[in-house]
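The values are calculated or read from the model by the stated rules, or taken from the named source; none is laboratory data. Keep in mind it's a predicted model, so treat the numbers as computed, not measured. As a convention, Cβ positions derive from the backbone with ideal geometry for all residues, glycine included, and neighbour counts pool all protein chains shown.
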Amino acid sequence: MVGDVSVPIAVLGAGSFGTCLAVLCGRENDVRLWARSEENAATIQRMRRNPHHLSDLAIPDRVTATSDLEFALEGAEFVILALPSHAMREVITQAASRLPPEATLICTAKGIEFETGMLMHDVLADVLGPERRPRITCLSGPSFAREVAQRKPTVVTIACEEESRAKAVQSMLSCAWFRCYSTDDVVGVEVGGALKNVIAIAVGISDGMELGLNARAALMTRGLAEVTRLAMELGGRLETLGGLSGMGDLLLTCTGDLSRNRRVGLGLGQGRALDEIIAEIGEVAEGVRTTRAACRLAESVGVELPIAEMVRRVLEGEASPAEAGQALMTRQLGREYRFESE
């Protein structure tokens, strides 16, 4: 709700985060929750629960589930894109002709497009045209969907090149248990959100191998340095990476038991096969795809990401977890310049 006026909101994506945001917004606004599957949408609408994600969460009557993209978007003032990063281009291409011209977009995806090296706001602008760029906002920060759904205190960042629009989204989403801050550093927020998943896999591997708390702290700290180097090379700001969408999200994803990316790492560190781990989790772990994309992007701009590169080698079967850890520990010694390539 903006002020005291209800606004129509579309949520594209009925995964965990899309579902919890639809419920959050559906307290005081009319929400249309789009699911790709017609059967899934019909089940959500009938049962007032999502059988596949957060199934114990009651969905308010003001949330209408649908698989009709045109119906979902009709008249929407805010469109929340709660989609996996690898599906963003496909879905937004389908939605482009149906998007209300004045709608504000809120992207929650945390990833990098492998084929182009684009961040999500760049993918959206590429599909929709540069004139849409000022209407693209990004939501990131330490926010497990289940805890948002349980109304546990959560604090995130909303980024937009036009900060007044970020503030409009901030006002619409914020409530007693969900607090938003605003910024105009879209690049910093998106890089932090994407690469923390990669570092979480590394920390999970270390924990799965029982390498200890010293190793965990080192990986998180040096991981943050890698994330910051890349973000700043792409135009992000240092202070952003020390905030909610940088250090905050990194802390949560590396240490929280609800983190899918951490669970991927734990399994790998315990010697399990990647396919088996992914099947058990049953949801997208963005870091698996993002690792390859981040390493490719970093190489193209001349930024070194030693931890991310070792995660890539483990994921692609080029090195065992033990070999990757040894490679990191025996790199050439140097000074601790956190934000310069070593």
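How many residues are among the aliphatic types (A, V, I, L, M) and more than 17 Å from residue 206 (Cβ to Cβ) if we restrict to segment 268-284? Spell out the reasoning first.
Initially, segment 268-284 is screened for residues among the aliphatic types (A, V, I, L, M), giving 268, 273-274, 277-279, 281, 284.
Now restrict to residues that are more than 17 Å from residue 206 (Cβ to Cβ): 273, 278-279, 281, 284.
Result for segment 268-284: 5.
Among the residues of segment 254-309, write down those that are among the hydroxyl-bearing types (Ser, Thr, Tyr) and under 23 Å from residue 83 (Cβ atoms).
Scanning segment 254-309 gives 259, 290, 291.
Go through segment 61-84 and report how many residues are buried (at least 16 other Cβ atoms within 10 Å of the Cβ) and either part of a loop (DSSP other than H, G, I, E, B) or at pLDDT below 95 (or both). Break it down stepwise before answering.
Step one: of segment 61-84, the residues buried (at least 16 other Cβ atoms within 10 Å of the Cβ) are 62-67, 69, 72-73, 76-84.
Retained after the next criterion (residues that are either part of a loop (DSSP other than H, G, I, E, B) or at pLDDT below 95 (or both)): 62, 67, 76-77, 82-84.
Looking only at that region, the number is 7.
Please go through segment 37-58 and give me each residue that is touching a residue at least 40 places away in the same chain (Cβ under 8 Å), aliphatic (A, V, I, L, M) and under 24 Å from residue 91 (Cα atoms), ordered by number. So that I can check it myself, show each step before the final result.
Kept after step one, since they are touching a residue at least 40 places away in the same chain (Cβ under 8 Å), are these residues of segment 37-58: 53-54, 57.
Restricting the remaining residues to those that are aliphatic (A, V, I, L, M) gives 54, 57.
54 - this is the single residue of segment 37-58 that is touching a residue at least 40 places away in the same chain (Cβ under 8 Å), aliphatic (A, V, I, L, M) and under 24 Å from residue 91 (Cα atoms).
For residues that are touching a Ser or Thr at 6+ places or on another chain (Cβ under 6 Å) and β-branched (Val, Ile, Thr), scanning just segment 143-178, find the one that is surrounded by the fewest Cβ atoms within 10 Å (Cβ to Cβ).
154
Among the numbered criteria (1) closer than 18 Å to residue 26 by Cα; (2) of a type outside the set (S, T, N, Q); (3) in contact with a strand residue (DSSP E or B) (Cβ under 8 Å, 6 or more places away or on another chain), which single criterion is violated by residue 75?
(3)
So residue 95 passes all but one of these: (1) in contact (Cβ under 8 Å) with a residue 40 or more places away in the chain; (2) surrounded by fewer than 17 Cβ atoms within 10 Å (Cβ to Cβ). Which condition number does it fail?
Just one mismatch for residue 95, condition (2).
Hey, can you tell me all the residues within segment 133-142 that are surrounded by 20 or more Cβ atoms within 10 Å (Cβ to Cβ) and over 13 Å from residue 189 (Cβ atoms)?
Residues of segment 133-142 surrounded by 20 or more Cβ atoms within 10 Å (Cβ to Cβ): 135-142.
The one that is surrounded by 20 or more Cβ atoms within 10 Å (Cβ to Cβ) and over 13 Å from residue 189 (Cβ atoms): 135.
Hey, can you tell me all the residues within segment 246-267 that are among the charged types (D, E, K, R) and either within 13 Å of residue 283 (Cα to Cα) or surrounded by 21 or more Cβ atoms within 10 Å (Cβ to Cβ) (or both)?
249, 260, 262, 263 - these are the residues of segment 246-267 that are among the charged types (D, E, K, R) and either within 13 Å of residue 283 (Cα to Cα) or surrounded by 21 or more Cβ atoms within 10 Å (Cβ to Cβ) (or both).
Inspect all residues belonging to segment 113-120 and state whether any of them is in contact (Cβ under 8 Å) with a residue 40 or more places away in the chain, assigned to a helix (DSSP H, G or I), assigned by TED's automatic domain parsing to the domain that holds residue 44 and surrounded by 18 or more Cβ atoms within 10 Å (Cβ to Cβ).
Checked against the condition, which is being in contact (Cβ under 8 Å) with a residue 40 or more places away in the chain, assigned to a helix (DSSP H, G or I), assigned by TED's automatic domain parsing to the domain that holds residue 44 and surrounded by 18 or more Cβ atoms within 10 Å (Cβ to Cβ), segment 113-120 yields at least one hit.
Can you name the number of the only condition in (1) within 21 Å of residue 191 (Cβ to Cβ); (2) within 22 Å of the chain's Cα centre (by Cα); (3) charged (D, E, K, R) that residue 304 fails?
All conditions pass for residue 304, except number (2).
Can you find even one residue in segment 190-209 that is farther than 22 Å from residue 300 by Cα, without any contact (Cβ under 8 Å) to a residue 40 or more places away in the chain, out of contact with any strand residue (DSSP E or B) (no Cβ under 8 Å at 6 or more places or on another chain) and not aliphatic (A, V, I, L, M)?
Taking every residue of segment 190-209 in turn, none turns out to be farther than 22 Å from residue 300 by Cα, without any contact (Cβ under 8 Å) to a residue 40 or more places away in the chain, out of contact with any strand residue (DSSP E or B) (no Cβ under 8 Å at 6 or more places or on another chain) and not aliphatic (A, V, I, L, M).
For segment 133-168, how many residues meet the condition of being touching a residue at least 40 places away in the same chain (Cβ under 8 Å) and in a helix (DSSP H, G or I)?
7
Considering only segment 229-247, I want to know if a residue exists there that is of a type in the set (A, V, I, L, M) and under 26 Å from residue 149 (Cβ atoms).
yes
Just checking, which of 308, 322, 327 is in a helix (DSSP H, G or I), closer than 19 Å to residue 216 by Cβ and free of Cβ contacts under 8 Å to residues at least 24 places away in the same chain?
Going through 308, 322, 327 in turn, the sole match is 327.
Quick one: is residue 87 aliphatic (A, V, I, L, M) and surrounded by fewer than 21 Cβ atoms within 10 Å (Cβ to Cβ)?
For residue 87, the condition - aliphatic (A, V, I, L, M) and surrounded by fewer than 21 Cβ atoms within 10 Å (Cβ to Cβ) - is met.
Regarding residue 287, is this residue assigned to a loop (DSSP other than H, G, I, E, B), surrounded by 22 or more Cβ atoms within 10 Å (Cβ to Cβ) and under 21 Å from the mean Cα position of the chain (by Cα)? Don't jump to the end; show me each part of the working.
Values: assigned to a loop (DSSP other than H, G, I, E, B): no; surrounded by 22 or more Cβ atoms within 10 Å (Cβ to Cβ): yes; under 21 Å from the mean Cα position of the chain (by Cα): yes.
No.
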